[in-house]
Amino acid sequence: MNPRRIFWACLKKVLFLFDAERVHVFAVHVLKLFQICSPRIGYSPIRILSGASDPCLEEAEESLRVHVMGMDFISPIGLAAGFDKDAEIVQTLPHLGFGFAEIGTVTPLPQPGNERPRLFRDPAENALFNSMGFNGLGAAVVAGNLAHGRSLLPSDFRVGVNIGKNKQTPLEKAPLDYARAASFFEGLADYLVINVSSPNTPGLRQLQTSESLKPIIEAVLSVVKTWPARPPVLLKLAPELDDAALDHLIQTMEASGMGGWVLTNTLGGQFRDRSGGWSGAPLTELSRARLLKVRSLTRLPIISVGGIMDPEEALLRLDSGADLIQIYTGWIYRGLGFPAEIGRKLRREL
Ligand SMILES: Cc1cc2nc3c(=O)[nH]c(=O)nc-3n(C[C@H](O)[C@H](O)[C@H](O)COP(=O)(O)O)c2cc1C
């Protein structure tokens with residue numbers, strides 16, 4: 001076994017002894033610390049720890065480049081929404097082997113999210129369960145963080161901004177919230193994602209109908225159309241939508257000017273006495289099936305996310321028609337080196 005793998009296997013054993021959200025907050029602090037230290041010491045320790053500095057991967061960077069939504073991406077491997085909700089560590093992500101990142105979900109106003117504990121691991125199932133509820137600092141602060149992060153990022157590292165509505169906003173006023181959240185990210189977002197698929201904001205998933213979505217998309221497009229560089233606007237959907245619902249949504253929504261699909265969010269369910277969403281291995285087949293279905297219906301770009309737990313699955317998603325892929329739970333279970341591991345696999349196979 002390679003020493004990096006052994007190191008991460010031991011570290012994971014220790015970290016998994018503690019509450020999942022506390023470990024997440026701790027990990028973000030550590031990554032921020034590395035962010036501050038790296039320029040002073042002249043090299044990036046996390047680049048070495050994550051394997052992103054391996055010579056074969058650095059050479060491979062050119063070959064992993066993809067052109068999607070009219071932009072170049074350093075690689076098709078991205079960090080999914082929900083990990084860096086407030087754009088606190090975005091400038092560290094290229095050093096970890098990511099080619100792009102999606103920050104958020106960002107709501108117009110700050111909000112605390114649901115009661116803790118709200119993030120759990122299920123190692124037997126290689127899964128996470130969360131009921132976070134769009135906790136975040138709000139669009140004004142996140143836009144400030146992102147402006148700072150972007151000034152330190154390579155210009156070809158892409159950042160998507162995933163937007164949502166505040167819990168207190170009634171569903172009929174949702175278009176105003178999405179437009180307001182978007183309005184903070186002029187010149188900062190390479191693409192926007194309308195998130196109507198979180199199971200943790202009451203009623204949100206009811207917005208996954210063309211009647212509800214059209215005014216939301218129109219409101220967001222009316223904001224971005226005034227910007228000199230207009231980012232594409234994508235829609236993130238739940239894995240529960242069946243073939244008939246997807247058929248209808250794709251037929252009706254694509255005429256409204258949207259720029260692609262993000263498939264999928266977490267799988268709604270219960271854990272202990274809570275409602276929330278499952279991610280990781282329980283999503284693998286469902287998320288892959290949704291990708292295949294939507295790819296058979298559209299030529300628009302698709303970001304495939306959900307249950308990518310090994311490099312083979314990452315390759316399979318790209319072979320099944322995904323333009324880009326994202327990981328979250330797989331990163332937690334496989335360790336810091338997972339994006340670089342996927343990068344090496346893609347380099348060999350593509
Ligand atoms: C703790 C946690 C928080 C998340 N928060 C968000 C979020 O704010 N917005 C969003 O669109 N998706 C969110 N997600 C969903 C992920 O972006 C992704 O769609 C899902 O976890 C499936 O991918 P995975 O199996 O690789 O984790 C979250 C997932 C987790 C585990």
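All of the numbers you see were taken from the coordinates with simple rules; none came from a lab. Please read all numbers here as calculations on a predicted model, not as lab measurements. Ideal geometry is used to build each Cβ from the backbone, glycine not excepted, and the neighbour counts take in all protein chains shown.
Just a few scattered comments:
- All positions within the stretch 110-137 that are more than 12 Å from the ligand (Cβ to nearest atom) and out of contact with any helix residue (DSSP H, G or I) (no Cβ under 9 Å at 6 or more places or on another chain): P112, E115, A124
- F129 vs. criteria in contact with a strand residue (DSSP E or B) (Cβ under 9 Å, 6 or more places away or on another chain) and assigned to a loop (DSSP other than H, G, I, E, B): no
- Members of the stretch 248-268 found to be within 13 Å of the ligand (Cβ to nearest atom) and surrounded by fewer than 21 Cβ atoms within 10 Å (Cβ to Cβ), listed by number: G268
- Among the numbered conditions (1) within 14 Å of the ligand (Cβ to nearest atom); (2) more than 29 Å from F16 (Cβ to Cβ), the only one that H148 does not meet is (1).
- In the set (1) more than 14 Å from the ligand (Cβ to nearest atom); (2) aliphatic (A, V, I, L, M); (3) over 24 Å from W8 (Cα atoms); (4) not in a helix (DSSP H, G or I), the condition left unmet by A322 is number (1).
- When S287, S279 are checked against the criterion of being under 15 Å from the mean Cα position of the chain (by Cα), within 12 Å of the ligand (Cβ to nearest atom), more than 25 Å from S50 (Cα to Cα) and buried (at least 22 other Cβ atoms within 10 Å of the Cβ), S287 stands alone in meeting it.
- Pairs, first over 13 Å from T284 (Cβ atoms) in the stretch 302-330, second within 11 Å of the ligand (Cβ to nearest atom) and of a type in the set (D, E, K, R), C-beta under 7 Å, six or more apart: Q326/E102
- R299 satisfies every condition listed in (1) out of contact with any helix residue (DSSP H, G or I) (no Cβ under 8 Å at 6 or more places or on another chain); (2) in contact (Cβ under 8 Å) with a residue 60 or more places away in the chain; (3) more than 9 Å from the ligand (Cβ to nearest atom) except (2).
- Considering only residues in the stretch 296-350 that are surrounded by fewer than 18 Cβ atoms within 10 Å (Cβ to Cβ) and among the small types (G, A, S), the one that is nearest to G104 (Cα to Cα) turns out to be G321.
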